[in-house]
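Each value in this text was obtained by applying a stated rule to the coordinates, not by laboratory testing. Keep in mind that what you see is a predicted model, and the values were worked out from it rather than measured. Here the Cβ positions follow ideal geometry from the backbone for every residue, glycine too, while neighbour counts run over all protein chains shown.
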Amino acid sequence: MPSRTSLPLSRRVSNPRYCFLDPDIRETPGLHLAYAGRETCRPDYRVRRREFPCASVELVTEGRGQVLLNGTTYPLSPGILFTYGPGVPHDITTDPSQPMVKYFAAFFGSEAELLLPRAGIPLGQTMHTLSPGSIGTLFEQLLDEGSRNQRSAAEICASYLRIILLKAVAEGGAGNPPVASTTNTFNRCRDFIDQHYSQLKSLQEIAERLNLRAPYLCRLFRQMGYPSPFQYLTYKKLARATEILVSEGKSVKEAAHDVGYADAYHFSRVFKSHYGKSPSQFVKLAVGQY
């Protein structure tokens with residue numbers, strides 16, 4: 001069986017940070033991280049592999065480069081996540097003028113075989129995510145836990161990997177990143193909803209206040225991997241309502257008013273449709289009164 005020495009690491013990097021958790025790659029139940037790390041590529045960085053012993057995922061957070069996966073070349077830039085593993089030849093290079101900084105994790109086990117396909121990024125694929133910084137933070141936390149040599153480190157790190165993939169998929173999509181103008185427009189729209197959700201009441205109102213057409217706004221959110229603008233608005237309202245009900249102890253009528261619902265009964269119907277519980281039932285569950 002492959003051991004730590006069969007997990008290739010490039011020497012063409014600076015300031016690397018690694019943690020080794022279970023380098024004895026083997027057939028076993030569950031999800032096991034072999035190793036993970038963060039690397040700053042040197043201008044001459046290049047990795048050429050015809051084979052790799054287990055599944056691996058990498059995330060670029062700075063710089064530019066390219067990756068050749070199964071004979072197809074993909075550009076790399078901040079927010080691009082790519083995967084490879086057994087049976088996936090790959091060739092990774094950096095742009096010498098903009099060397100990449102990237103995180104990676106290599107993993108195996110019965111769950112590993114299903115984890116990437118379920119997340120929508122099977123071996124040999126790329127995707128983009130709009131939150132490379134926050135996902136990079138999760139990688140840093142994974143590396144922190146993996147370096148502590150505690151009994152629970154392996155399990156905690158496996159959980160971080162699941163969260164990293166869930167978050168990447170939730171905030172991204174297949175292929176290359178959208179052009180900068182599209183990303184900037186989306187960020188402006190999302191930030192506007194985040195700041196004014198309690199005053200906004202409909203898709204049409206969102207579009208009018210942003211000076212955009214409603215169909216375009218819906219396409220923009222779908223392109224970025226988000227639900228419709230109105231669904232996102234509803235989520236923001238209800239998320240804040242749960243804080244008001246549980247943490248601040250306000251009444252259902254007060255919570256409805258604070259997040260922009262004039263009719264508390266309508267608010268309750270929307271709340272139950274989303275959470276499967278009425279506001280009062282939700283509060284009882286949250287504070288342990290059942």
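A few remarks follow.
- Between helix 264-275 and the chain there is an angle of about 20 degrees, using the helix long axis and the longest principal axis of the Cα atoms.
- Debye intensity ratio in log₁₀ form over the Cα atoms of the chain, taken at each q of 0.07, 0.15 Å⁻¹: -0.35, -1.11
- Once both labels are positioned 7 Å from their Cα atoms along Cα-to-Cβ, the gap between LYS201 and ARG48 label points is 6.5 nm.
- Helix 132-146 vs. the chain, principal-axis angle (Cα, 0 to 90°, nearest 10): 60 degrees
- FRET efficiency estimate (nearest 0.05) - Cβ-Cβ, ARG148 to SER247, R0 30 angstrom: 0.40
- Going from the residue with the fewest nearby Cβ atoms within 10 Å to the one with the most, THR183, THR72 rank THR72, THR183.
- The stretch 180-286: C-alpha gyration tensor shape, a/c 1.5 cut-off, then a/b vs b/c: prolate
- Amide H to amide H distances under 5 Å link THR126 with GLY175, where only residues 5 or more positions off or on other chains count and H is placed in the peptide plane.
- Degrees, to the nearest 10: 214-223 long Cα axis against longest axis of the chain: 30 degrees
- Phi to ³J(HN,Hα) by Karplus 6.51 cos²θ - 1.76 cosθ + 1.60 over the stretch 25-32, Hz, x for Gly, Pro: 5, 7, 7, 7, x, x, 10, 10
- A protection proxy built from the mean count of other Cβ atoms within 10 Å ranks the segments 109-117, 149-157, 134-142, most packed first, as 134-142, 109-117, 149-157.
- Note on the chain: helix-only mean residue ellipticity at 222 nm, from DSSP H runs of 4+ residues weighted -39500 (n - 2.57) and normalised by residue number, equals -13000 deg cm²/dmol.
- Amide H contacts for PHE52 (H built 1.01 Å from N in the peptide plane; partners 5 or more residues away or on another chain; cut-off under 5 Å): GLY87, VAL88.
- Shape of the stretch 4-174, Cα gyration tensor, a/c cut at 1.5: rounded
- Shape call, the stretch 121-265: gyration tensor on alpha carbons, a/c limit 1.5: oblate
- For VAL13, residues with placed amide H under 5 Å, excluding near neighbours: ARG42
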